[in-house]
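Take a look at the structure set out below.
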């Protein structure tokens, strides 16, 4: 009789959507790292190559995340660097606990905002700089 009750309970749980063998159920895993931001750089020199402060990308997806960078402002020439390696604009992969830095070319006019768009997995953020006001 006990086995009949257990079989009935298992069928009921399955019908309710219970998963007996869940995958990727650990908190923090998945398509996005933990959130992060790049502080804005202000009073930068016109046309200067501006680098963000480094941030450490964290999360528990041991396989890492895809990374890409694009110009939010025309002519920004946005690039990224992982762990101090050469800057690039090509899509790549970043692993947990690696550092990320963004660079772009500041605007050529005073008081102008330049933006780089950064995507890590499904997480999106920006790095911005603003030129000095004359």
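Mind checking which pairs have a first residue in the range 112-134 that is at positive phi and part of a loop (DSSP other than H, G, I, E, B) and a second that is surrounded by 19 or more Cβ atoms within 10 Å (Cβ to Cβ) and modelled with pLDDT of 95 or more, Cβ under 7 Å, 6 or more apart or different chains?
If the second residue must be surrounded by 19 or more Cβ atoms within 10 Å (Cβ to Cβ) and modelled with pLDDT of 95 or more, the pairs left are 121/33; 121/65.
Restricting to the range 58-109, count the residues that are part of a loop (DSSP other than H, G, I, E, B), exposed (fewer than 13 other Cβ atoms within 10 Å of the Cβ) and touching a residue at least 40 places away in the same chain (Cβ under 8 Å).
So the count comes out to 3.
Does residue 43 meet the test of being assigned to a strand (DSSP E or B) and crowded, with 17+ Cβ neighbours inside 10 Å? Step through it out loud before you land on a result.
Numbers: assigned to a strand (DSSP E or B): yes; crowded, with 17+ Cβ neighbours inside 10 Å: no.
Considered against the rule, which asks whether it is assigned to a strand (DSSP E or B) and crowded, with 17+ Cβ neighbours inside 10 Å, residue 43 comes out as no.
The values are calculated or read from the model by the stated rules, or taken from the named source; none is laboratory data. All values derive from a computational prediction rather than experimental measurement. Every residue, glycine as well, gets a Cβ built from its backbone with ideal geometry; the counts of neighbours run over all protein chains shown.
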